[in-house]
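Undergrad: Below you will find the structure I want to go over with you.
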Amino acid sequence: MQYRTQIQEWLRAHEAEMLADLGELIAIPSVMGTPQENAPFGEAPAKALSLMLDKCAGYGFSTDDADHYAGCIRLGDTPAKLGILAHLDVVPAGEGWTHKPFAMTEEDGKLIGRGTSDDKGPAIAALYAMRAVKELGLPLQSGVELILGTDEENGSADLAYYMQHRTIPPMVFTPDGDYPVITLEKGMARMAFSGEFTDGKAQILSLRAGEVVNAVPALAEAIVQGVSIDEFLASRKTDYPGIAVGCYTDNYDCLHISVDGKNAHASTPEQGRNALTCMLEILSCVLGENEQAAAVKRLAHCFPYGETDGEHCGVKASDEISGGLTLVLSVMQMTPKGFTAKCDTRFPVCCTGQSVTDGIAAAVSPLKSEVLMCDEPHHTDENSPFVQTLLRIYEEVTGNPGECLAIGGGTYVHHIEGGVAFGAMFPGEDIHMHGAEEFIRKDALLLDAEMMALAIMQLCG
């Protein structure tokens, strides 16, 4: 592939400089903060954007700050044909680190720190791909833009603002997903359910499960009155996950029930064990006749333990290119006065958001339901010259077969027509994204930069 050797040699010569730039960026804890003047998502994300724009200006690129929501670095004097979209915000560090999350550590070929893989490392790789093309003097017929956002982790309001005030190039890829190329992202809808209890016959004093709507809950706990341990044990099935039951310490007339399940992402709920739906199924067998029990039984029927395809809500669907619909009841709180619950569904191209949310609402009725958000599926033609070029580059550089992927999650290009994800996670690799000890391999960072530089030359050269 033309220019590959030159690009490789330039990247190796500038490796130390690339790592130094990444380390400086990792040191900024760009977690979403309190909005303030010139910092719509908090001071730290704005600081990360400012650092990158200053660096890029120092490397001779023209830059554009879109009111601190996002920024753009331009290569070439002609209109941009290609956009590379990355983000500089990160999720909180969380617990479990053995290294400092906001001080990049190089160890055993790994670059460890929050944001090294998601998405500061790929953003730096994109910058150095553009630097390689620029400083080698490689010929371009069309311009290239590196668009850097600051709110991908919390809803992408940055990108929405940028698209309202700037023009997006006709071809866009983001290194914020998986290799080889992600061309299909299922639709996503989140709904809330609620109800009030007025009959004064409540048996559940408290029920709590789940923290975030996009994850299978691993723990559910409930305090129930009017049920003996013998009644509970008699109703329990043997195929449930870990269950503990005992007398509530403050009230010996009550049972404290806990269910241990297994976390999983809402896009792959079959990999988890839903503690909440297990709890509802248990409770539906022991509660008497009252408003609370009716709500529990309705939810237990619509979201039976072990089911993840939406069959009992009447929305089960699948197609060849995107796979099957997934549905998970993920968050719930209940008191003697009422309850709230939330679910997350990822649906294939053959469905519409309206059909899915209407179906779920009808299934849970007479419980109240509300659509919290709904995004239609995103699909880019895998036979387009743009996609085929990226696949060809991946195959030549890695020696592995290129293929288009369909996922249940969403990437940064979900709302960009024709956009795809190109990297930066390689197949079969766990880089601890969003977890403790997040890392990117140093050789993978160099491969990212090489493939992005080749993409610039193949698409715009």
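The values are calculated or read from the model by the stated rules, or taken from the named source; none is laboratory data. A quick note: this is a predicted structure, and the numbers were derived from the prediction, not measured. Positions of Cβ are backbone-derived with ideal geometry, glycine not excepted, and every protein chain shown enters the neighbour counts. Keep in mind that these areas ignore ligands, DNA and RNA; they rest on the heavy atoms of the full protein, side chains included. Shrake-Rupley method; radii C 1.70, N 1.55, O 1.52, S 1.80 Å.
Undergrad: Is it the case that Leu85 is under 26 Å from the mean Cα position of the chain (by Cα) and within 26 Å of Ser156 (Cα to Cα)?
TA: yes
Undergrad: So, Thr308, is that one among the hydroxyl-bearing types (Ser, Thr, Tyr) and not in a strand (DSSP E or B) or not?
TA: Here the answer is yes, as Thr308 does meet what is asked.
Undergrad: Residue check: is Gly94 within 19 Å of the chain's Cα centre (by Cα), closer than 17 Å to Ala27 by Cα and surrounded by fewer than 24 Cβ atoms within 10 Å (Cβ to Cβ)?
TA: Yes.
Undergrad: Got a number for residues in segment 383-419 being part of a loop (DSSP other than H, G, I, E, B) and open to solvent by less than 90 Å² (accessible area, probe 1.4 Å)?
TA: 14
Undergrad: Consider Glu376 against the criteria (1) charged (D, E, K, R); (2) open to solvent by 70 Å² or more (accessible area, probe 1.4 Å); (3) under 17 Å from Phe303 (Cα atoms); (4) in contact (Cβ under 8 Å) with a residue 40 or more places away in the chain: it satisfies all of them except one. Which criterion is unmet?
TA: It fails just one condition, (3).
Undergrad: If Ala453 satisfies all but one of (1) in a loop (DSSP other than H, G, I, E, B); (2) at pLDDT 95 or above, what's the number of the condition it fails?
TA: The failed condition is (1).
Undergrad: Let me ask something else. Looking only at segment 180-210, count how many residues are in contact with a strand residue (DSSP E or B) (Cβ under 7 Å, 6 or more places away or on another chain) and more than 25 Å from Ala421 (Cα to Cα).
TA: Final tally of qualifying residues: 15.
Undergrad: Quick check on segment 235-254. Is at least one of its residues of a type in the set (Lys, Arg), under 19 Å from Val296 (Cα atoms) and either open to solvent by 70 Å² or more (accessible area, probe 1.4 Å) or modelled with pLDDT of 90 or more (or both)?
TA: Yes; the residues of segment 235-254 include at least one that is of a type in the set (Lys, Arg), under 19 Å from Val296 (Cα atoms) and either open to solvent by 70 Å² or more (accessible area, probe 1.4 Å) or modelled with pLDDT of 90 or more (or both).
Undergrad: Can I ask one more? Which one is least open to solvent (accessible area, probe 1.4 Å) among residues in segment 262-302 that are in a loop (DSSP other than H, G, I, E, B) and farther than 20 Å from Ser235 by Cβ?
TA: Ala266
Undergrad: May I pose another question? How do the pairs read when you match residues in segment 135-151 that are open to solvent by 60 Å² or more (accessible area, probe 1.4 Å) with residues anywhere that are part of a loop (DSSP other than H, G, I, E, B), using Cβ under 9 Å and keeping only pairs 6 or more apart or on different chains?
TA: Glu135/His14; Glu135/Tyr59; Glu135/Gly60; Pro139/Gly461; Gln141/Gly76; Gln141/Thr78; Gln141/Gly461
Undergrad: Given the criteria aliphatic (A, V, I, L, M), touching a residue at least 24 places away in the same chain (Cβ under 8 Å) and in contact with a strand residue (DSSP E or B) (Cβ under 7 Å, 6 or more places away or on another chain), does Ile393 qualify?
TA: Taking the combined requirement at face value, the residue does not satisfy it.
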